[in-house]
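What follows draws every value from the coordinates through simple rules; no lab data is involved. Nothing here was measured: the structure is a model prediction, and the numbers come from that model. Glycine gets a Cβ as well: all are built from the backbone with ideal geometry, and neighbour counts include every protein chain shown.
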Amino acid sequence: MTVKEKITPPGRAISLIAALVFASVSIGAVITASRIQRDFGRVEVGDVWYQNYNGIPIRAKLFRPVEASAQNRLPGVVYIHGYQNNRETGDAYSIETARRGFVVLNIDAIGRGHSGIPGGINSPDFDHTYGGKSSVDYLRKQPFVDPGAVGIMGHSLGAEMAYKAALADPGIRALVITGFAYTLESTVSTPKNMLMIIGQYDEFRKRMTGTRDIRKEWMGTERTAKTFPVKNPELGKTYGDFSRGTARRVYVPPIIHIRESHHIGSIAETVLWLKSALSPPEKLWIDPSSQIWQVKEWMTLLAMAAALAMLLPLGAFLMGLPLFAGLRDEGGARYESTTGEFLKFSSINGALLWLYLPLILVLFGIHKYVVPIDGAFPMMMVNAKVWWFLVVNITGIVLLRRWYRARSAAGRVTHNDTGLSFGQDRFSLDPAALAKTVTLAVVLFLCLYFLEFWAEKGFIVNYRFLFPFMSDLTPYRVGMFFLYLPFILFCFIVTGVFLHGQLRRPPAATFMATFVKWSLYSAGALVVPLVLFLMVQYVPLFINGFIPFQGPNGLFVVFIINLIQVVAMLAFTSVISTWFYQLTGRVYAGALLNAFIVAWIFASSQVIAPIPV
């Protein structure tokens, strides 16, 4: 099928049908995810808002078993997610806990999701529990919660917040910390009834525990001796007395940090612990091995993937409208890279991508020793990734200019081959065509945003998988969207020239075959170097427990974990970029749409708070 056939009838009809099918799949996945988190009607799920003690608003997702009432109060548990997450990350634990007879308050920690923005870390009213303390107080006051049977759990920094809250509040009867380790502040009776879960391959385990082999070393540490009521305690065994609040247990599954919040064994340990500590009604108990949260997680991935896929045929359909007809590719580009050229240029780009950690170190050096950055650009995790992407693409401009001059002198490349110019013999822009391109990208983005907005407002489900990706924007985060958008757009324009100009491979026999071929090459050029980089970090970790890149106080570990999400974004943005380059012969439509999506992901899902390193 040619480009012309793709954007004119009957291709337009096929494109519209395909777009509707993808939208329907996304909607169906959202509805399924909603039914899972509600345990098919046995748990009510709703948004709640309340004030932190320092006046900052907190948003949370409240899971209430339908049996809970003022006449039948049930135990309550607060869940606090990790540093670079939002409340949806806690859904695995929250779903399984709620369906076993607990009321669960799954919060957006302050600075995350829709909760308010924290003040300076040195301000007198700064909350080091990021809303954890006030959330426990809020849960206790609910008429359907037994105030004498309240617990708290969390992952990573959220576990540290939960730990601090439990240390300060003897009324908290159960504590589960995952991806964090108790400190010398613990005693045999404080915090009450504490379960610690940490992965054998947790990338932060040395920072958290001071050990290299946690299975062999942790139970013999001073911290454990101070916390456990017996000498020589063992992993996987429970010590102490739940009724007196002295129960203690450490569970070490063979997983990494991000898996701790999505792990069947860890969740089973947690619900069993909470049952022993808080005594939910026996009639509501479900075997710990019977878990359904995985379905919800896969459904949110399917909803997101289908919504993104919808953009491709929808874009093809819209380009058949008179407004966008002038944007279609007329087949002017003719440059094709050889296999050797593709490998050479993609390897050079891969080497630039490997500057990820050094560039982040430079940025944080500037932030700490030269001028604070977060006053103007509050999202430090985003700052690091955008800075890296900017430096790579600014360097890419220099390399692309050298490539263009050499190839154009040999008659192999024209301005049209770059995907930037609307003219062939000289560089030129078409303001009318650019305006139409912006309109097309905005319309497509709004369709995607509306679909996610509907899912979140109607079903309390957003687009995610292991990491948060897309959720609706608060007014403050709308500002963050526009703050970072110009930098991200610049990067995607340059990346588009690199992928579809310098690296463009010979087309296949049909439009769709070419799309698949070019998408694989484009995604491979960006993703393969980063996958290899991740392997350098994780292969030694799994083989002998060694972590090659840790950085000052674990700084590199934080960003390498986040690189997994970046790899996913580069993979799907490469596909979108390829599709719209094929349709238009220019890089602008794909770059604009990708910039909108990635700026949205960063603005909605990334943390606004001091980095804990």
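Just tell me which lysines come within less than 27 Å, Cα to Cα, of residue 436; anything on the same chain fewer than 8 places away is out. Reachable lysines: 4, 6.
Within 10 Å, Cβ to Cβ, of residue 88, how many net charges do the neighbouring residues add up to if Lys/Arg are +1 and Asp/Glu are -1? Around residue 88, the surrounding residues sum to 0.
Solvent-free Debye calculation, one equal scatterer per alpha-carbon of region 110-150: log10 I(q)/I(0) at 0.23, 0.25, 0.28 Å⁻¹ equals -0.79, -0.84, -0.93. Any chance you could tell me what percent of the C-alpha pair distances in region 147-217 go past 16 Å? So the pairs more than 16 Å apart make up 45 percent of the total in region 147-217. Counting Lys and Arg as +1 and Asp and Glu as -1 over every other residue whose Cβ lies under 15 Å from the Cβ of residue 360, the net charge comes to +1. Of all DSSP-defined beta bridges confined to the chain, some 40% are antiparallel rather than parallel.
With loop membership from DSSP and a limit of 12 other Cβ atoms within 10 Å, the longest segment of the chain without GluC sites (Glu not before Pro) is 331-613. Which entries in the list 296/385; 206/237; 141/385 go over 32 Å, if you measure between the two C-alpha atoms of each? Violating the 32 Å limit, Cα to Cα: 141/385.
Each Lys or Arg adds one and each Asp or Glu subtracts one; over the other residues with Cβ under 15 Å from the Cβ of residue 378, this totals +2. Convex hull volume per residue, computed on the Cα atoms of region 351-420, equals 110 Å³. May I ask for the angle, rounded to the nearest 10°, between helix 588-605 and the longest principal axis of the chain, with both axes built from Cα atoms and the value confined to 0 to 90°? Its long axis makes an angle of about 10 degrees. On the principal axes of its alpha-carbon atoms, region 400-442 has extents of 37, 17, 12 Å, going from largest to smallest. The eigenvalues of the Cα gyration tensor, multiplied by 5 and square-rooted, give region 337-605 an equivalent ellipsoid with semi-axes of 30, 25, 19 Å from largest to smallest.
What FRET efficiency, computed as 1/(1 + (r/R0)^6) with R0 = 30 Å and r the Cβ-Cβ distance, is obtained for residue 289 and residue 44, rounded to the nearest 0.05? Computed FRET efficiency for residue 289 and residue 44 comes out at 0.75.
Panel order for 95, 121, 256, 107, by other beta carbons found within 10 Å of each beta carbon, from fewest to most: 121, 256, 95, 107.
Its residue count N fixes a reference of 2.2 N^0.38 Å for region 137-277, and the Cα radius of gyration divided by that reference is 0.98. Placing +1 on the Cβ of every Lys and Arg and -1 on the Cβ of every Asp and Glu, with no other charges, gives region 38-289 a dipole of roughly 400 debye about its Cα centre.
Expressed in Å, the radius of gyration and Dmax of the Cα atoms of region 38-289 are 16.9, 50.
Spherically averaged projected area of the convex hull of Cα atoms, region 292-368: 11.4 nm². Three semi-axes describe the equivalent ellipsoid of the chain; taken as square roots of 5 times the Cα gyration tensor eigenvalues and ordered largest first, they are 47, 27, 20 Å. Sparse packing (at most 12 other Cβ atoms within 10 Å of the Cβ) combined with a DSSP loop state is found for none of the chymotrypsin sites (Phe, Trp or Tyr not before Pro) in region 378-414. Size of region 211-342: Rg and Dmax of its alpha carbons, in Å, are 27.6, 79. Report the normalised scattering of region 329-470 as log10 I(q)/I(0) at q = 0.09, 0.10, 0.17 Å⁻¹, calculated by the Debye formula with identical scatterers on the alpha carbons. These q points yield log10 I(q)/I(0) values of -0.51, -0.63, -1.15.
Using every pair of distinct Cα positions in region 55-195, the Kirkwood expression returns a hydrodynamic radius of 14.9 angstrom. In the chain, helices alone account for a calculated mean residue ellipticity at 222 nm of -17000 deg cm²/dmol, with every DSSP H run of four or more residues adding -39,500 (n - 2.57). The angle between the Cα long axis of helix 264-278 and the longest principal axis of the Cα atoms of the chain comes to about 30 degrees, rounded to the nearest 10.
The chymotrypsin sites (Phe, Trp or Tyr not before Pro) of region 507-613 meeting both criteria, a DSSP state outside H, G, I, E and B (loop) and at most 13 other C-beta atoms within 10 angstrom of the site's C-beta, are 546. Excluding the site residues themselves, the longest part of the chain lacking any trypsin sites (Lys or Arg not before Pro) in a DSSP loop with at most 14 other Cβ atoms within 10 Å is 427-613. For region 343-383, dividing the convex hull volume of the Cα atoms by the residue count gives 73 Å³ per residue.
When each of 161, 380 is scored by the number of other beta-carbon atoms lying within 10 Å, the sequence from fewest to most is 380, 161. Using C-alpha pairs under 8 Å with a sequence gap of at least 6, the mean separation divided by the residue count of the chain gives a relative contact order of 17 percent. An ellipsoid equivalent to region 1-130, defined through the eigenvalues of its Cα gyration tensor, has semi-axes of 40, 24, 10 Å when rounded to whole angstrom and sorted largest first.
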